[in-house]
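Colleague: Quick one: this structure, given as structure tokens, is what I'll be asking you about.
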Amino acid sequence: MAPEVLPGPSTSKPDTDSVGSSSCSLQGHRPRAEEGHWALAGDFLWDGSSEEASPRQCVIVRGQRIVRVCSVQEAVDLDLPVEHYPGCTVMPGLIDAHVHMEFSEHFPLHQQPEFTAMQLREAMAERALRMLRSGITTARDLGGRNYAAIGLRNAIRRGECLGPRLLCAGQPLTRPGGHCHQWGGEAGSLDEALAVVDRQVENGVDWIKVMATGGMRTPGTNVEEATISVRDLTEVVGRARENSLAVAAHAHGAQGVVHAVQAGCRTVEHCSWIAKAGQWGCVDDSTVEAMARQGTAVAPTAHANWRYKPMGERNYTRMCAALQKLRAAGVLLLASSDAGAIPGLPHDALHGGIEVLAEMARMTPVEALKAATSVPAAVLGLEAECGRLAPDLSADILVVAGIPTEDLGALGRPVLVVAGGRRVQPLAPPPPWPKVARPSRPRARQTGALNARGPRRMA
């Protein structure tokens, strides 16, 4: 049974005399609750860019957009009801920078069952809903066989199903017999490679994906070997830029990482630095410096299952050192799961991967939270749409039990998810419904900002 979705706030048009655009300051007038404004608060609010969570703050929403972040008392003074979740923190929705929506975690990557188009759509929609209910409100899909993820992206945009905002890469460019050649993006020459890029553009992709090395899950490929020259990869990056697209380079091998950075790829996926007969973490210092200088971001796909060290103790330790070196150099790290390509890793497990990334890279909780919110939003070109709680941005909001800026485990306790202003039932059972703060009439100064009227269900 599909989970219940609580009705979203009113999106009826406001009176032009009282409320302007979504960026209005709310000063000089008192918007009425029936105009569609509503406020959400926990004991703390983290806005996606600050170094700590702030107490007694709330976010004011109208329709699909954030109007303002302010104190709870300011919202109460504006006659707005404030839904308060005790013991919780309000924060931006999470962003997973590397997923594969087309594929199930119940099967190996290249042994997925054959589905009818309808069955595949239903399976993908179910995965998307699970992701959203876990607090993931945006994700970047980095490849599949038949543009199915683009169809899902469009269905979500049209409101036909619920899921994260998706950016999609279509078919990855790979050499003949290369990593994920089964997906249709093979190219044996530069002309063929550019034709693959053009085909992705024609199918409406948001990113171009290139396999710059072999892959661990494609038999017959070598993860240490660079599979495309710097010259050809530079041409691919140029063709993508002509179409206002950036390039994500899959690169496990150290030489492939070097080529991706030299060619100007926007992100490097995995970035395992494998060389010397399978040894991870063979970092090239000059390349790290170039990454920091150019703003090349890394999506290391340090997922929740890495806590079991599947690459072995030694390689795990070496990968930790590599991530710590990237962080120390100022290279941007992105929370990224590779869900769909990893058997046994659910698409809704990003929160566990954020904890793993923080531990491996020795990130503070706030750094790790930024790696899952404001940082990927900026890298993915969505900084004006999501990743922070700020005026005019999409109302993508996550309420979690606890204080994630101190304990990342709070991310695994979602209490409320809001996607584009629409409230969605979280995966975890919520605590009692929020108290609603309303001003008394006549208004009297309260000793606390919240004037609780008792619990009620959100309308």
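The values are calculated or read from the model by the stated rules, or taken from the named source; none is laboratory data. This one's a predicted model, so the numbers in the text were calculated from it and none came from an experiment. All Cβ positions, even for glycine, are placed from backbone atoms using ideal geometry, and neighbour counts span all protein chains on display.
Colleague: Return the only residue of 196, 230 being β-branched (Val, Ile, Thr), surrounded by fewer than 24 Cβ atoms within 10 Å (Cβ to Cβ), in contact with a strand residue (DSSP E or B) (Cβ under 6 Å, 6 or more places away or on another chain) and free of Cβ contacts under 8 Å to residues at least 60 places away in the same chain. Break it down stepwise before answering.
Modeller: On the way: 230 fails: in contact with a strand residue (DSSP E or B) (Cβ under 6 Å, 6 or more places away or on another chain).
Every option except 196 fails the conditions.
Colleague: Still on this structure, I have one more. Inspect all residues belonging to region 212-228 and state whether any of them is part of a helix (DSSP H, G or I) and aliphatic (A, V, I, L, M). Step through it out loud before you land on a result.
Modeller: The initial filter retains those residues of region 212-228 that are part of a helix (DSSP H, G or I), namely none.
The answer is no, given that none of the residues of region 212-228 is part of a helix (DSSP H, G or I) and aliphatic (A, V, I, L, M).
Colleague: Another question about this same structure. Checking residue 107 against (1) at pLDDT below 95; (2) out of contact with any Pro (no Cβ under 8 Å at 6 or more places or on another chain), which test does it fail?
Modeller: Just one mismatch for residue 107, condition (2).
Colleague: While we're looking at this one, here's another question. Condition first: among the basic types (Lys, Arg) and at pLDDT below 95. Now tell me which residues in region 43-85 satisfy that. If you could, list the steps in order and put the result at the bottom.
Modeller: Here is the first cut: in region 43-85, the ones among the basic types (Lys, Arg) are 56, 62, 65, 68.
None; the set is empty.
Colleague: Within region 124-141, how many residues are of a type outside the set (A, V, I, L, M, F, W, C), over 12 Å from residue 396 (Cβ atoms) and outside any loop (DSSP other than H, G, I, E, B)? Outline the logic, then answer.
Modeller: In the first step, residues of region 124-141 are kept if they are of a type outside the set (A, V, I, L, M, F, W, C); the result is 126-127, 130, 133-135, 137-138, 140-141.
If we keep only those that are over 12 Å from residue 396 (Cβ atoms) as well, we get 126-127, 130, 133-134, 140-141.
With the extra rule that they be outside any loop (DSSP other than H, G, I, E, B), the set shrinks to 126-127, 130, 133, 140-141.
Looking only at that region, the number is 6.
Colleague: Checking the structure you have, find out if any residue of region 368-383 is part of a helix (DSSP H, G or I), basic (Lys, Arg) and either more than 12 Å from the chain's Cα centre (by Cα) or buried (at least 21 other Cβ atoms within 10 Å of the Cβ) (or both). Explain how you work it out, then say what you get.
Modeller: Let us first name the residues in region 368-383 that are part of a helix (DSSP H, G or I), namely 368-370, 374-379.
Then keep just the ones that are basic (Lys, Arg); that gives 370.
Still in the list and also either more than 12 Å from the chain's Cα centre (by Cα) or buried (at least 21 other Cβ atoms within 10 Å of the Cβ) (or both): 370.
Looking for residues that are part of a helix (DSSP H, G or I), basic (Lys, Arg) and either more than 12 Å from the chain's Cα centre (by Cα) or buried (at least 21 other Cβ atoms within 10 Å of the Cβ) (or both), one finds at least one in region 368-383, hence yes.
Colleague: Determine whether region 413-433 contains at least one residue that is part of a helix (DSSP H, G or I), of a type outside the set (A, V, I, L, M) and without any contact (Cβ under 8 Å) to a residue 60 or more places away in the chain.
Modeller: To start, the set of residues in region 413-433 that are part of a helix (DSSP H, G or I) comprises none.
There is no residue in region 413-433 that is part of a helix (DSSP H, G or I), of a type outside the set (A, V, I, L, M) and without any contact (Cβ under 8 Å) to a residue 60 or more places away in the chain.
Colleague: Testing residue 363 on (1) closer than 16 Å to residue 301 by Cα; (2) surrounded by fewer than 22 Cβ atoms within 10 Å (Cβ to Cβ); (3) touching a residue at least 40 places away in the same chain (Cβ under 8 Å), one condition comes back false. Which one is that?
Modeller: With respect to (1) closer than 16 Å to residue 301 by Cα; (2) surrounded by fewer than 22 Cβ atoms within 10 Å (Cβ to Cβ); (3) touching a residue at least 40 places away in the same chain (Cβ under 8 Å), residue 363 is out only on (3).
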